[in-house]
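The values are calculated or read from the model by the stated rules, or taken from the named source; none is laboratory data. Model, not experiment: these values are computed from the prediction. As a convention, Cβ positions derive from the backbone with ideal geometry for all residues, glycine included, and neighbour counts pool all protein chains shown.
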Amino acid sequence: MKNKNSMPYNTEYVSNLKELVNLTAEKYGDNPAITFERNNDIVSVSYRQFKSDINALGTEFYSMGVKNEKIAVIGENSYEWMLTYLAAVNSGNVIVPLDKELTLAEISNLLSDCGAQVLVYSDDYSKAADYLQKNGADIRLYINMKSFAEMLYRGATLISRGENYAVDYEVDNHALAALLYTSGTTGSAKGVMLSHFGIARNATVACEYVEVTGNNMLVLPLHHSFGFAGGLCALLFKGSEICINSSLKNILTDLQKFKPHNMLLVPLFVEKFQKRIWDSAKKQKKDGLLRRLTGLSNTLLKAGIDTRKLMFKSVRRAFGGNLKLIVSGGAPLDAKYIQGLRDFGINVMNGYGITECSPVVSVSRSKNSRDGSIGHVLSCCEVKILEPNEDGHGEICVKGDNVMLGYYNNEQATKEAFDGQWFKTGDIGYLDKDGFLYITGRKKNLIILSNGKNVYPEEIEFDLLNNIPYILEAVVYAENNRIAAEVFLDTENEPDCASRLDGDILRFNQTQASYRNIKRILIRETEFPKTTTKKIKRQYKKQ
C-alpha cells in the first residue's frame with residue numbers, strides 16, 4: 001500500500017549522497033552543520049566547510065591510490081567518521097561501516113568477507129589495527145583518524161593545484177555505496193548492499209513526514225543505518241545543526257551542553273527518559289503532585305490551552321530545556337511512553353525500518369499520527385502483508401527505491417529474502433483501513449503451540465510491561481509447549497516487587513486468552529544483554 005495523503009514538508013529530492021552534500025552546502029552555506037566537543041572546546045563546522053573537507057579527504061584518498069576500493073571504518077561517532085563515509089562513497093569507493101562493539105576476531109572475519117583493502121579507525125581502536133596487522137589481515141592501508149588534519153591539508157592543497165578527481169567524480173546513482181553487516185557474531189553475518197540512490201532517496205523522502213526545526217543531538221551509532229540515514233543525512237537535508245553526543249555515559253551532560261530540540265533514538269532511551277522523570281519525582285516525594293499537574297495540563301490542553309512548557313519547565317530542564325521532538329525507531333515503542341512524554345510537551349514520533357530498506361519503511365507524520373502504530377509507509381516504497389491470517393496479520397514485505405541491491409556474495413540468501421520484487425522483512429504486522437502500519441512481532445520468534453495457536457511473544461511482553469510497572473524488561477518464549485517469561489525487575493525503587501510477582505502474573509493471566517497465559521516465570525538479577533542498537537538479545541529456548 002502506498003501512502004497517498006498529506007502535504008509534504010519538502011518537495012526537493014537528491015539522487016545520491018554527493019548531490020546531498022553539494023545541495024546542502026549551497027543552500028545553508030555558513031550555517032553550522034556539525035558541532036562537537038574537542039579538547040574541552042565546542043567546535044562547529046559549517047555546511048560549506050563540511051563539503052570542502054569531504055572533497056579534500058576524497059582527493060587525498062585518491063592520491064594515496066584508493067580508487068574503486070572497499071574502505072572499512074570503525075570508531076565512535078565523530079566528525080572524522082562522517083568525513084570518512086562521505087569522502088569514500090563520493091569519490092567512487094564503497095564504505096563498510098563496522099560495529100565498534102565487535103570483537104577483534106569478528107572484525108577480522110567481516111573484513112575478510114568483504115575484501116576491504118583500507119581500514120580507517122579512530123585512535124581508540126588502534127588495538128584492533130594492531131591485531132589485524134599481527135594476524136595477517138589482507139589490509140594494505142591503515143589510516144588512523146588522528147592523521148586527518150594533515151590529510152585534509154594535503155587534499156585541499158591538491159585541489160588548489162587543479163587535482164579535481166574527487167570534486168568532479170560523477171556518482172553512479174544505482175551503484176553500490178555501502179556494505180552494512182547485519183547482526184552476527186561470525187563471518188556468517190550477511191552484508192547488505194545499499195545504493196547511493198536508495199540511501200539518498202530514503203533519507204530525503206523521510207523529511208516529507210516529520211517537521212524538524214532547531215538543533216539535534218546525535219546519539220545513535222553512525223555505523224547503524226538508522227543513525228546514518230536519519231541522524232545525519234536527513235538532518236543535513238533539513239539544514240539542521242547536528243551535535244555529536246560524545247558517549248552514552250555523557251548523554252545527560254551533553255543534553256545540558258547542546259540543549260537539543262530534536263533527537264533520534266531507539267525505544268530503550270525513550271523508556272529510560274520517562275523512567276528518569278518519574279524516579280526523580282518519586283525521590284523528591286513529588287510524584288503525586290506531578291500526576292495532578294499532568295491531569296490538569298491535559299484538561300487544559302483539551303480546551304486548547306497548552307501550559308506544558310511553563311508547567312513542566314523543571315522536568316524539561318533535565319533534557320536541556322528545549323527538547324520537543326523524539327523520532328523513535330529500530331523496534332516497536334509502547335504507546336504509553338509516547339503519551340507519557342507528550343504529557344510534558346515532548347512529542348514522540350514512531351517509525352519502522354530495517355537495514356535492507358536503507359532503512360526507513362514508515363514513520364508517523366507530524367500532523368497525522370496514531371499511537372501504537374509505526375506510521376505511514378514512505379512514498380518511496382510500497383508495503384504488502386504476505387499471507388495474512390484472519391486478523392490481517394502477516395509478514396511485512398517492501399518494494400521500492402530504498403530496497404537493497406542484495407546480500408554481498410550470497411545469492412542464495414538474496415533469493416530467499418525476496419518474493420518476486422518484494423523484500424520479506426521477517427517482521428509480522430498489519431495495515432489498518434487508514435494506511436497506518438503496525439508491527440506485532442518477528443516471524444522467527446513466532447510461537448506455534450501444539451493446539452495450533454499462534455503466539456507473538458512481543459505482544460505479551462508489551463502487555464506485561466504495561467500492566468506490571470516494576471517489570472523493566474521481559475522476554476517471552478515457549479517451554480515444553482507452554483508460555484514462559486524471563487523478567488528483570490525494578491528492585492531499586494520497589495524492593496518487595498519479587499514477592500508480589502506471582503500474584504500479579506496470576507491477575508495478568510486473567511486478562512489474557514488462556515493459550516497466552518504465562519505458566520512459568522524466571523527473575524533475572526541483571527539486565528538482558530543488548531545489541532549496539534539497544535535491542536534485547538533474545539534467548540531462544542527449545543520447546
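Within the option set SER362, SER366, SER379, SER358, being over 22 Å from GLU459 (Cβ atoms) and buried (at least 24 other Cβ atoms within 10 Å of the Cβ) holds for one residue only, SER358. The criterion of being closer than 16 Å to LYS146 by Cα and assigned to a helix (DSSP H, G or I) does not hold for PHE50. Here is a check on your reading of the model: is ALA33 in contact (Cβ under 8 Å) with a residue 24 or more places away in the chain, surrounded by 22 or more Cβ atoms within 10 Å (Cβ to Cβ), not β-branched (Val, Ile, Thr) and not in a helix (DSSP H, G or I)? Spelling it out, ALA33 is indeed in contact (Cβ under 8 Å) with a residue 24 or more places away in the chain, surrounded by 22 or more Cβ atoms within 10 Å (Cβ to Cβ), not β-branched (Val, Ile, Thr) and not in a helix (DSSP H, G or I). Being surrounded by fewer than 20 Cβ atoms within 10 Å (Cβ to Cβ), within 30 Å of ILE536 (Cβ to Cβ) and of a type in the set (A, V, I, L, M) is the requirement here; does LEU301 meet it? So LEU301 fails the test.
LEU325 meets each of the listed conditions (1) farther than 23 Å from ILE242 by Cβ; (2) surrounded by fewer than 24 Cβ atoms within 10 Å (Cβ to Cβ) apart from (1). Looking at LEU341, LEU333, just one residue is under 30 Å from LEU179 (Cα atoms) and either in a helix (DSSP H, G or I) or touching a residue at least 60 places away in the same chain (Cβ under 8 Å) (or both), and that residue is LEU333.
The residues of the stretch 236-287 that are touching a Leu at 6+ places or on another chain (Cβ under 8 Å) and under 30 Å from SER195 (Cα atoms), listed by number, are LEU236, PHE237, ILE242, CYS243, ILE244, ASN245, ASN262, MET263, LEU264, LEU265, VAL266, PRO267. The stretch 193-290 holds helices (runs of 4 or more DSSP H) entirely within its bounds, and those carrying 3 or more residues that are in contact with a Ser or Thr (Cβ under 9 Å, 6 or more places away or on another chain) and farther than 25 Å from THR531 by Cα map to 196-206. Restricting attention to the stretch 201-216, the residues that are surrounded by 24 or more Cβ atoms within 10 Å (Cβ to Cβ) and more than 19 Å from PRO359 (Cα to Cα) total 1. Checking PRO457, PRO469, PRO495 one by one, the residue that is buried (at least 20 other Cβ atoms within 10 Å of the Cβ) and not assigned by TED's automatic domain parsing to the domain that holds GLU356 is PRO457 and no other.
Which one of the conditions (1) surrounded by 14 or more Cβ atoms within 10 Å (Cβ to Cβ); (2) of a type outside the set (Gly, Ala, Ser); (3) in contact with a strand residue (DSSP E or B) (Cβ under 7 Å, 6 or more places away or on another chain); (4) over 24 Å from ARG370 (Cβ atoms) does LYS444 fail to meet, given that it meets all the rest? Here LYS444 clears every test but (1). For GLU26, the test of being loosely packed, with under 13 Cβ neighbours inside 10 Å, within 28 Å of CYS380 (Cα to Cα) and at pLDDT 95 or above is passed. Highlighted here are the strands (runs of 3 or more DSSP E) found entirely within the stretch 415-523 that include at least 2 residues which are touching a residue at least 60 places away in the same chain (Cβ under 8 Å) and charged (D, E, K, R): 471-479.
Just so you know, in the stretch 107-139 the residues that are of a type in the set (D, E, K, R), surrounded by fewer than 20 Cβ atoms within 10 Å (Cβ to Cβ) and assigned to a helix (DSSP H, G or I) include one that is farthest from the chain's Cα centre (by Cα), and it is LYS134.
Among the residues of the stretch 140-151, is any in the same structural domain as VAL66 (by TED's automatic domain parsing), in a strand (DSSP E or B) and in contact with a His (Cβ under 6 Å, 6 or more places away or on another chain)? The answer is no, given that none of the residues of the stretch 140-151 is in the same structural domain as VAL66 (by TED's automatic domain parsing), in a strand (DSSP E or B) and in contact with a His (Cβ under 6 Å, 6 or more places away or on another chain).
Can PHE508 be described as under 30 Å from the mean Cα position of the chain (by Cα) and either surrounded by fewer than 18 Cβ atoms within 10 Å (Cβ to Cβ) or of a type in the set (Phe, Trp, Tyr) (or both)? Against the criterion (under 30 Å from the mean Cα position of the chain (by Cα) and either surrounded by fewer than 18 Cβ atoms within 10 Å (Cβ to Cβ) or of a type in the set (Phe, Trp, Tyr) (or both)), PHE508 does not qualify.
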